[in-house]
Amino acid sequence: MAKKQHPYAYDNLLSPKSWLVEQKGFDRSMQALRETQFTQGNGYLCCRGILEELPYDANAGTYIGGIYDRTGAQITELVNLPNPIVFRIDTHGEKLDPVAMDIVHHRRTLDMHKAIVYRHTTFRSAYKKHIDLTSRRFVSLANKNLIVMEVEVTPLDEDMTFNFQTMIDAGVSNRGALTEGRKRHFEPHEVEQAKDHVYLCVETFEKKVLIAYASALEVCRGNRCHTVGERAMNLRVKKNETITFRKYIVVKSSRHVRPSELKRTTVGILKSARRKGFTRLLDEHEKAWLKRWQLANVDIEGDPEAARALRFNTYHLIIAGNTDDDDVSIGARTLSGEGYRGHIFWDTELFLLPFFIYNEPQVARNLLMYRVHRLTAARNNAAARGYKGALYPWESADTGEECTPSWAKNFDGKIIRIVTMDEEHHINADIAYAINNYVDATGDIDFMWSGGLEVLLETARFWASRVIYNTKQARYEIDHVMGPDEFHEDVNNNAYTNAMAAFNLEIAVTWAARLRRERPAQWNRIAGRIKLAPKEVLHWRQIAERMYFPYSKKRRLIEPFDGFFRLRDHRICQLNEHFMPVLPSTVEWEEIGKTQFIKQADVVMLLYLQNDRFSQEEKKRDYYFNERHTLHKSSLSPAIHSIVGLEVGDEEKALHYFAHALSSDLQNIHGNTPEGIHAASAGATWQAAIMGFAGMRRRGGILSFTPHLPLHWKGMHFCVVWHGCRLRVSMTHARTEICLEDRSKRGPIAVEVYGELKELTYQSFVQFLAPKRASRKSTKVRTAKKTPKKKAVRKKKTALKKRRTR
């Protein structure tokens with residue numbers, strides 16, 4: 001008699017619980033959510049976490065970064081490519097499938113430490129016979145073109161005959177949006193059935209990109225394994241005998257390979273993988289992930305659930321970042337789904353980029369080079385709208401042209417017109433901010449000469465043509481814009497936009513002066529190519545100095561935009577099940593623009609990005625006002641409120657928003673995780689941990705920390721890369737230790753903790769004791785009682801800078 005339930009087949013292989021995301025039992029309504037959560041990838045290629053047998057309503061998704069297409073006049077979108085993860089089994093006319101057959105036991109695990117998905121299911125047929133199915137698969141981090149899957153089948157009650165079928169399913173399509181319906185973006189180009197492998201090549205309709213697949217199937221019975229050419233077979237399997245199938249799949253596009261070489265290259269990678277075998281390929285994959293996690297892991301001691309959730313967000317950031325290709329970026333839903341059609345927003349530069357800057361700088365550089373390569377398209381976009389310089393599109397795909405759809409669903413389900421592409425011009429300043437952020441943290445001046453400087457200059461030139469001079473007030477203004485708060489369209493002088501535009505102009509002037517001084521010949525070539533005169537740069541400085549910044553002296557608050565304080569001021573009276581604000585029933589979504597409700601972090605985002613500009617009291621006043629009016633109708637918002645909440649001393653709110661951001665996709669808080677992971681939320685959550693609770697900042701070219709650890713956290717341990725040097729940081733309530741584990745240059749590294757400055761040398765560590773403080777409640781953030789005098793600290797910083805420049 002068969003056992004009703006079996007031990008999990010992979011218990012001995014799993015990492016500790018804080019590294020696992022598990023599914024116990026099968027819930028059909030949760031299928032699409034699990035497929036997103038269990039997505040696997042390596043930056044080049046991602047596959048949604050489908051079940052191998054493709055149950056009814058399964059949403060298979062295989063995506064390669066940078067491969068977009070469109071059908072007719074529809075919007076360009078990320079292409080859902082043929083699905084290679086298909087393995088169907090049937091016996092006596094029944095398909096082994098959680099929808100079609102009874103399930104006795106079902107458990108699936110994403111082991112984030114190893115990036116392997118394990119699965120163990122026990123089926124019961126209509127004849128009351130039990131079949132055990134186990135599987136594990138990975139998208140190799142060691143070989144970016146390789147997918148490997150293993151499926152094992154065991155009849156538990158008697159000998160059984162099974163029909164096994166595997167394929168590369170070219171019948172997939174994109175799901176579409178609104179009235180578009182499903183659509184396929186490719187057609188077969190070449191199919192070959194060889195003796196020991198299958199080759200399939202498809203071609204996208206519009207861009208004519210070729211995507212090649214080569215797969216081989218290995219069958220093992222006992223210790224005997226052999227490769228088979230058939231993709232469908234009938235096998236008689238004895239009771240309690242386990243038959244093992246291993247499928248090796250190679251996926252490669254023609255983006256960086258000549259079409260004439262694509263087949264030979266793809267089949268060659270497959271043959272090499274087969275020679276290595278499953279065990280060696282798995283070992284290489286695990287070692288690659290171990291190396292990645294040694295740098296990217298953030299360990300929250302004392303709160304294993306927070307650590308697990310943060311690792312989940314970090315895992316999805318890692319599999320989205322391409323280390324090898326500087327012509328692709330990361331969409332708003334990574335490569336885990338088709339939300340927002342795979343388009344790239346400001347999310348990448350402000351929410352994702354910091355993670356890569358301090359963990360994988362090459363990925364950060366590639367993401368910025370994506371913008372550099374599309375500078376010509378941005379220039380054309382500006383010219384088409386009557387402006388000078390370059391204007392980057394609000395939504396971008398492969399060409400860098402504007403691809404924002406004109407219509408979308410509102411929060412009440414009604415269709416509304418979209419105007420973000422016409423008004424949300426702060427994207428330019430966000431990209432400029434990201435460039436400055438990257439170069440400051442990495443010291444990669446060569447990036448500036450590789451195109452970064454030209455982006456700064458052309459975005460500054462855009463703002464100079466975009467502003468209007470108010471002669472009466474003797475100031476520059478920006479009319480008819482939309483800030484991050486997308487509830488309010490066509491406003492004048494959005495505070496975030498004006499402040500970030502001024503910053504864009506300032507850093508363009510600063511970098512122009514520095515690089516002109518350091519490399520005059522190269523500067524002259526760039527200035528000559530874009531016809532930039534010295535007086536134009538001087539004009540930028542004047543605009544930045546006279547840029548209007550809306551501020552109410554009466555209220556002593558930043559006004560989000562002109563006239564905001566005259567709008568209707570409703571109070572939030574209800575919270576949802578996640579303790580987040582709900583729009584009052586007295587307000588209709590069509591009327592939201594006439595109220596003071598804010599969609600997402602807007603002024604609060606500015607307080608974070610330009611935190612040195614505002615005093616502590618200013619931050620407090622503006623934070624609490626905006627916090628009371630923000631509905632957080634974007635997943636990127638809560639984590640930013642967490643960071644600023646810590647800065648103003650409100651640990652209770654900071655923890656609340658941090659927990660909300662952590663669980664955004666683990667708990668499907670926004671109800672749309674099946675469409676893909678919220679990339680901005682994942683990146684902002686990492687920032688909340690490192691820039692928020694660890695208090696990391698760049699100050700005067702020096703890395704600084706002001707820890708704000710909650711009382712129930714025992715410690716926090718992580719690594720960051722700073723100017724090519726790997727620093728390991730370990731902080732508790734009593735002390736912070738920083739060790740220089742790796743370096744790319746000679747000489748000491750200066751770090752500052754609690755306002756105290758010390759030097760680090762190679763393979764050494766320094767320790768900082770937390771300042772004495774009065775006892776505090778969990779709702780208050782630790783504040784230093786005594787810090788070194790500012791004058792002394794500045795003097796020491798200056799001496800260290802001089803030493804480094806020598």
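Key figures for this structure:
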quantity: Single match in L655, L709, L666 (criterion: under 23 Å from the mean Cα position of the chain (by Cα) and part of a loop (DSSP other than H, G, I, E, B)); calculated: L666
quantity: Residue in the range 290-303 that is free of Cβ contacts under 8 Å to residues at least 60 places away in the same chain and among the charged types (D, E, K, R) present; calculated: yes
quantity: Wholly within the range 56-153, strands (runs of 3 or more DSSP E) carrying at least 3 residues that are closer than 26 Å to Y340 by Cβ and open to solvent by less than 40 Å² (accessible area, probe 1.4 Å); calculated: 62-64
quantity: Top-ranked residue in the range 467-520 [being in a strand (DSSP E or B) and β-branched (V, I, T); ranked as most open to solvent (accessible area, probe 1.4 Å)]; calculated: I468
quantity: In the range 31-55, the residues that are under 24 Å from S664 (Cβ atoms), assigned to a loop (DSSP other than H, G, I, E, B) and in contact with a Phe, Trp or Tyr (Cβ under 6 Å, 6 or more places away or on another chain); calculated: G49
quantity: Selected residue [hydrophobic (A, V, I, L, M, F, W, C), over 25 Å from M101 (Cβ atoms) and touching a residue at least 40 places away in the same chain (Cβ under 8 Å)] from L146, L156; calculated: L146
quantity: Selection count, the range 399-412, where residues are closer than 20 Å to I598 by Cα and open to solvent by 40 Å² or more (accessible area, probe 1.4 Å); calculated: 3
quantity: Which numbered condition K195 misses (of (1) touching a Pro at 6+ places or on another chain (Cβ under 9 Å); (2) surrounded by fewer than 15 Cβ atoms within 10 Å (Cβ to Cβ)); calculated: (1)
quantity: Single residue of P638, P581 found to be without any contact (Cβ under 8 Å) to a residue 60 or more places away in the chain, open to solvent by less than 10 Å² (accessible area, probe 1.4 Å) and out of contact with any Asp or Glu (no Cβ under 9 Å at 6 or more places or on another chain); calculated: P638
quantity: Given (1) among the charged types (D, E, K, R); (2) open to solvent by 10 Å² or more (accessible area, probe 1.4 Å); (3) assigned to a strand (DSSP E or B), index of the condition E158 fails; calculated: (3)
quantity: Output for the range 521-547, where each listed residue is assigned to a helix (DSSP H, G or I) and among the aliphatic types (A, V, I, L, M); calculated: A521, I526, A527, I530, V537, L538, I543, A544
quantity: Contacts under 8 angstrom Cβ, first residue in the range 310-339 being without any contact (Cβ under 8 Å) to a residue 60 or more places away in the chain and farther than 20 Å from G692 by Cβ, partner of a type in the set (A, V, I, L, M, F, W, C) and open to solvent by 10 Å² or more (accessible area, probe 1.4 Å), 6 or more apart; calculated: D326/M369
quantity: Scope the range 618-654; condition of a type in the set (D, E) and within 27 Å of A309 (Cα to Cα); matching residues; calculated: E627, E647, D650, E651, E652
quantity: Residue check, Y199 touching a Leu at 6+ places or on another chain (Cβ under 8 Å) and of a type in the set (F, W, Y); calculated: no
quantity: Conditions (1) without any contact (Cβ under 8 Å) to a residue 24 or more places away in the chain; (2) of a type in the set (D, E); (3) in contact with a strand residue (DSSP E or B) (Cβ under 7 Å, 6 or more places away or on another chain): number failed by E402; calculated: (3)
quantity: A464 being surrounded by 24 or more Cβ atoms within 10 Å (Cβ to Cβ) and either touching a helix residue (DSSP H, G or I) at 6+ places or on another chain (Cβ under 6 Å) or assigned to a helix (DSSP H, G or I) (or both); calculated: no
quantity: Flag if L557 is closer than 21 Å to K388 by Cα, in contact with a Phe, Trp or Tyr (Cβ under 7 Å, 6 or more places away or on another chain) and open to solvent by less than 90 Å² (accessible area, probe 1.4 Å); calculated: no
quantity: Contacts under 9 angstrom Cβ, first residue in the range 229-257 being among the charged types (D, E, K, R), partner open to solvent by 50 Å² or more (accessible area, probe 1.4 Å) and in a strand (DSSP E or B), 6 or more apart; calculated: R231/Q165; R231/Q193; R236/T161; E241/R221; R246/C225
quantity: E349 being modelled with pLDDT of 95 or more, closer than 30 Å to C719 by Cα and open to solvent by less than 10 Å² (accessible area, probe 1.4 Å); calculated: yes
quantity: Scope the range 541-554; condition over 15 Å from A495 (Cα atoms) and either among the small types (G, A, S) or surrounded by 15 or more Cβ atoms within 10 Å (Cβ to Cβ) (or both); matching residues; calculated: R541, I543
quantity: Residue satisfying condition, being part of a helix (DSSP H, G or I), more than 17 Å from G483 (Cα to Cα) and among the acidic types (D, E), within set E577, E591; calculated: E591
quantity: L290 being aliphatic (A, V, I, L, M), at pLDDT 95 or above and open to solvent by 40 Å² or more (accessible area, probe 1.4 Å); calculated: yes
quantity: Single residue of the range 198-223 satisfying the filter (open to solvent by 50 Å² or more (accessible area, probe 1.4 Å) and in contact with a strand residue (DSSP E or B) (Cβ under 9 Å, 6 or more places away or on another chain)) that is nearest to G66 (Cα to Cα); calculated: K207
quantity: Out of I677, I669, sole residue that is in contact (Cβ under 8 Å) with a residue 12 or more places away in the chain, open to solvent by 10 Å² or more (accessible area, probe 1.4 Å), β-branched (V, I, T) and under 19 Å from N313 (Cβ atoms); calculated: I669
quantity: Output for the range 161-173, where each listed residue is open to solvent by 10 Å² or more (accessible area, probe 1.4 Å) and of a type outside the set (A, V, I, L, M); calculated: T161, N163, Q165, D169, G171, S173
quantity: Options A364, A432, A390: the member that is part of a helix (DSSP H, G or I) and over 17 Å from the mean Cα position of the chain (by Cα); calculated: A432
quantity: Options D299, D324; residue that is closer than 19 Å to L141 by Cα and open to solvent by 30 Å² or more (accessible area, probe 1.4 Å); calculated: D324
quantity: Filtered residue count, the range 150-168, keeping only those that are at pLDDT 95 or above and closer than 16 Å to G61 by Cα; calculated: 1
quantity: Subset of the range 560-574 (residues that are acidic (D, E) and either within 16 Å of E627 (Cβ to Cβ) or not in a loop (DSSP other than H, G, I, E, B) (or both)); calculated: D569
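The values are calculated or read from the model by the stated rules, or taken from the named source; none is laboratory data. Quantities reported herein were computed from a predicted structural model and do not represent experimental measurements. Ideal geometry is used to build each Cβ from the backbone, glycine not excepted, and the neighbour counts take in all protein chains shown. Side chains are part of the model used for accessible areas, which takes the heavy atoms of the whole protein and leaves out ligands, DNA and RNA. Shrake-Rupley method; radii C 1.70, N 1.55, O 1.52, S 1.80 Å.
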